[in-house]
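Inspection log for the structure reproduced underneath, given as structure tokens.
A short reminder: the numbers here are calculations on the coordinates, not readings from a lab. In this text the structure is predicted, and so the values were computed from the model without any measurement. Every residue, glycine among them, receives a Cβ derived from its backbone with ideal geometry; neighbour counts consider all protein chains shown.
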């Protein structure tokens with residue numbers, strides 16, 4: 001029985017190694033139970049951001065992300081929701097409604 005790896009070219013071996021590393025990265029990320037994991041593309045679509053803007057945020061560490069083995073970027077959906085919620089604007093409530101303000105001006 002021949003060893004399949006001996007018949008592979010260096011390029012094929014490199015591709016196979018990259019594939020195995022990627023699979024290991026994905027398995028390690030998915031080990032955190034109860035969390036929804038998004039790829040870079042999925043996160044950009046979820047946040048409705050352009051890829052370039054999301055990449056800029058990750059480069060500046062402005063958004064929570066994971067980058068196992070220095071390869072692909074992954075995001076936890078729950079962390080993205082918390083991050084977005086952190087920047088939510090608070091509504092300003094005025095004691096006077098528009099109608100009350102008009103009445104005061106007419107007096």
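Sorting 9, 58, 39 by the number of Cβ atoms found within 10 Å of their own Cβ, with the fewest placed first, yields 9, 39, 58.
Measuring nothing but how far apart in sequence close Cα pairs (under 8 Å, 6+ apart) lie, relative to its length, the stretch 36-88 scores a relative contact order of 43 percent. By other beta-carbon atoms within 10 Å, ranking 82, 11, 22 with the fewest at the front produces 11, 82, 22.
Each listed q (0.14, 0.15, 0.32 Å⁻¹) maps to a log10 I(q)/I(0) for the stretch 36-88, found by the Debye formula over equal Cα scatterers with no solvent: -0.31, -0.35, -1.56.
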